[in-house]
Amino acid sequence: MPPIFGDLKKYCENTGWSMVRNTDHWYYEKLLQSGVLLRTRVSHSTSQEIPGHLWQKIKSKQICVSEKEFWDNV
């Protein structure tokens, strides 16, 4: 089951992401030790479920974690 946007926000806050902007969404960034800069945005609709196809993109391309690692850090 995909998470809600509130879970994604909590993940970012729990794993050292920095909020860089709060406008239409919350925008987060995290600089990895390898020099790679990850970016994601989180909807203000924190109780809304993230659609499955969008969650797969966020997980694999934006926050770059496994499902287990995500839930372990929420």
Next on the checklist: Any residue at all in segment 58-72 that's open to solvent by 70 Å² or more (accessible area, probe 1.4 Å) and part of a strand (DSSP E or B)?
Outcome noted: no
Checklist entry - Considering only segment 1-17, how many residues are part of a loop (DSSP other than H, G, I, E, B) and touching a residue at least 60 places away in the same chain (Cβ under 8 Å)? => result 1
Checklist entry - So, in segment 18-53, of the ones that are touching a residue at least 40 places away in the same chain (Cβ under 8 Å) and not hydroxyl-bearing (Ser, Thr, Tyr), which residue ends up least open to solvent (accessible area, probe 1.4 Å)? => result Ile50
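The values are calculated or read from the model by the stated rules, or taken from the named source; none is laboratory data. Since this is a predicted model, take the numbers as computed values, not measurements. With ideal geometry, Cβ positions are generated from the backbone for all residues, glycine too; neighbour counts draw on all protein chains shown. Surface accessibility is based on the protein's heavy atoms, side chains included, excluding ligands, DNA and RNA. Shrake-Rupley method; radii C 1.70, N 1.55, O 1.52, S 1.80 Å.
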